[in-house]
Amino acid sequence: MMEQLLTDSLNTAPITGMVILSLIVVMINALKKEPLATEYWVSLVGIVINIGLAVWVFPERGTAFSGSVMTGGYASVTAIIFLTAAALTIMLARVYIDKIGANFGEFFHLILFVTTGMMSFAAGLDLLVTFVGLELMSIPLYVLAGITRRNLKATEAALKYFLLGAFSTGFFVYGIGLIYGMTGTTKILDIAQNINAYSSEPLFMVGAGLMLVGFAFKVGAVPFHMWVPDVYEGSPTMVSAFMSTGVKAAAFSALLLVFTATFDFMHSSINTVVAVLSVASMVIGNIVALSQKNFKRMLAYSSIAHAGYMLIGITAGGGVSIAGVLFYLVAYMLTNLGAFGIASFIENSDQTGTDIDDFRGLYQRHPALAVILGVFMFSLIGLPPFAGFFGKYYIFVAAIENGYTWLTIVGVITSMISVYYYLRVVVVMFFQPEGEQVQTARFGREGAFALAVAAAGVLLIGVFPSVVLDWVSALF
Amino acid sequence: MVPIHYYLILSAVMFITGVVGVLTRRNAIIIFMCIELMLNSVNLTFVAFSAYLGNETGQMFVFFIMAVAAAEAAVGLAIVIALFRNRQTVNINDVNILRW
């Protein structure tokens, strides 16, 4: 009994480790008055150790705690994605939170709590764990969105995120309730064994649909996307960066685990619903992004569009598309963190100065930043040899193999629309003269390092996709 | 014993009341109360199913939902207070620097 507990704790080491790390950082923050260096370094080193733990438990594929948490394999890979996103966010935000006056130690442990939540959300094999992970991820993010509490836009974004996030939780948990009532259990693997019998129960399918609504809110798919532009524009830039990469990655990982890998719903009526969500997200996200003047708001609509591309992978189902979606998540995470990071570097201390016009003449002031942002924009378009290209490629291949050629066609056409608004940023940076109020970028050594890591990652994955693909393939 | 349908219909009605409230009311506090109503209707669903199936998982789930709802209330009310200090209003129609 004790032995089993010990083994299970060791096999879930990344999650256990993150819980301990978060609590340590809370205590450091509570016990000392001077901010900030200790929290920063402890968080960073702790995250790196946890990445090591996740690699270490990778071969231990199975379940822990009587089948309620997944260990190794898929859980490790997703944990590494979230931990990397957290580490890059913390490094990119080091100078930024000073600049906007959010230099509280809370920033770090809230990020750590969010990461813990993401890991349990994506590794939960009991709907209870999934639900608690979802909330552990969401509640600290409501705080982070409004961490500059005297800023009008940030508090407004926090309120909107909170109200719509809690609203979507209601749907999610009502869905779980109905599924529990129909099956008598909340264990995903037990439900999956009799999934064909349950699939004919109307209430079970209503429950699954309500859970899908909850997921769609979290990934920001149309028509549940209303909060995305407002929240990404209003929140502090690095918080938006973490939301658009980490949270989206977590929600997609959990969606893959529950709906595609275990329930294998992808031959039922839910499949059609997901395909409709996907098309709506791609079309509306890309078209509305065309008219945006604010860089963060444009990236918000672009993130809706990217959710649409990833939903193509969810619709297609099967091992190839799981690998494709995970690959896309890695590519998107590096690209978008970098792009938001550069926006945070040139932002003013009152959180203004993120309009696309504020990027005018960036090439004259900071040639390196302009070139790197150009790389990120090309990766978001999906041009080779950048990471975004292979992300889209693998998803489209999976869709065609599973007979969804029409979805691929919609995806390619909307990608071509997106060229316009991504390239406009590049044109503004390189070819337009500087405005009157010139903002100097402030980022510090850590920021430069994290940005270099993100840019190198985008290039490396773009040139040698097998580096990531080998890890994310054949997880089930 | 009261048949399970009665509980399910009651909780569905409560849930829909909450959803309609969130979509139509304009006061942030009342919207938040409607969200709590939704979560409580879920609790009722879980308890009803739990008693019907003779299986305690559902009752355990309810405790987790209550804990989470309490945490959410703490954070949510703090956000509403921060907003009120900045704006002197909690009406979401007036909260519109960002287009809603």
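Spatial offset of segment A:38-100 relative to segment B:65-91 amounts to 29 Å, using the alpha carbon center of each. Chain A has equivalent-ellipsoid semi-axes of 33, 27, 20 Å, by the square roots of 5 times the alpha carbon gyration tensor eigenvalues, sorted largest first.
Distant-in-sequence amide contacts of A:ASP355, defined by a placed amide H-H separation under 5 Å and a gap of 5 or more residues or a different chain, comprise A:PHE295. Averaging the Cα positions of each part gives two centres, and for segment A:146-208 and segment B:1-31 these lie 16 Å apart. Once both labels are positioned 7 Å from their Cα atoms along Cα-to-Cβ, the gap between B:ARG25 and A:ASN348 label points is 3.8 nm. The shape of segment A:211-294 comes out oblate: with a ≥ b ≥ c from the C-alpha gyration tensor, a/c is at least 1.5 while a/b does not beat b/c. Need one word for segment A:1-65: rounded, prolate or oblate. Basis is the Cα gyration tensor (sqrt eigenvalues a ≥ b ≥ c); a/c below 1.5 gives rounded, then a/b vs b/c decides. Since a/c reaches 1.5 but b/c is at least a/b, the shape of segment A:1-65 is classed as oblate. Ordered from highest to lowest accessible area with the whole protein assembly present and a 1.4 Å probe, A:HIS306, B:HIS5 read as B:HIS5, A:HIS306.
Going by the alpha-carbon gyration tensor, a ≥ b ≥ c the square roots of its eigenvalues, is segment B:4-87 rounded (a/c under 1.5) or, if a/c is not under 1.5, prolate (a/b greater than b/c) versus oblate?
Taking the square roots of the gyration eigenvalues as a ≥ b ≥ c, segment B:4-87 is oblate.
In segment A:174-191, burial by the other protein chains removes 30 Å² or more of accessible area from A:TYR174, A:GLY177, A:TYR180, A:GLY181, A:GLY184, A:THR186, compared with the chain on its own (1.4 Å probe, ligands and nucleic acids ignored).
Surface calculation, 1.4 Å probe, protein heavy atoms: B:ARG25 sits at approximately 120 Å² accessible. Summed over both chains, the area buried between B and A is near 3800 Å², taken from the accessible surface of protein heavy atoms with a 1.4 Å probe. Per-residue 3J(HN,Hα) values for segment A:219-227, derived from phi via the Karplus relation 6.51 cos²θ - 1.76 cosθ + 1.60 with θ = phi - 60°, read 7, x, 8, 4, x, 10, 9, 4, 6 Hz in sequence order (x marks Gly and Pro). Taken per residue, the accessible surface of segment A:341-476 reaches 47 Å², heavy atoms only and a 1.4 Å probe.
Partners of A:LYS296 within straight-line reach, counting lysines whose Cα lies under 19 Å from its Cα and excluding those fewer than 8 residues away in the same chain: A:LYS99, A:LYS153, A:LYS160, A:LYS218, A:LYS248. A crude spin-label estimate for the pair A:SER269 and B:ASP94, with each label 7 Å from Cα along the Cβ direction, gives 4.6 nm. Round to a whole angstrom and tell me the spacing of the C-alpha centers of segment A:360-439 and segment A:214-292. Distance between centres, Cα-based: 19 Å.
For segment A:2-472, carbon and sulfur atoms together expose 68% of the accessible surface, with a 1.4 angstrom probe and every protein chain in place.
What whole-number value in Å² describes the accessible area per residue of segment B:4-87 for a 1.4 Å probe? Per-residue value: 49 Å². Using heavy atoms of the protein chains and a probe of 1.4 Å, the accessible area assigned to A:SER268 is about 30 Å².
The values are calculated or read from the model by the stated rules, or taken from the named source; none is laboratory data. If you're wondering where the values come from, they're calculated on a predicted model, not measured in any experiment. All Cβ positions, glycine included, derive from the backbone under ideal geometry; neighbour counts span all protein chains shown. Side chains included, ligands, DNA and RNA excluded: accessible areas come from the protein's heavy atoms. Shrake-Rupley method; radii C 1.70, N 1.55, O 1.52, S 1.80 Å.
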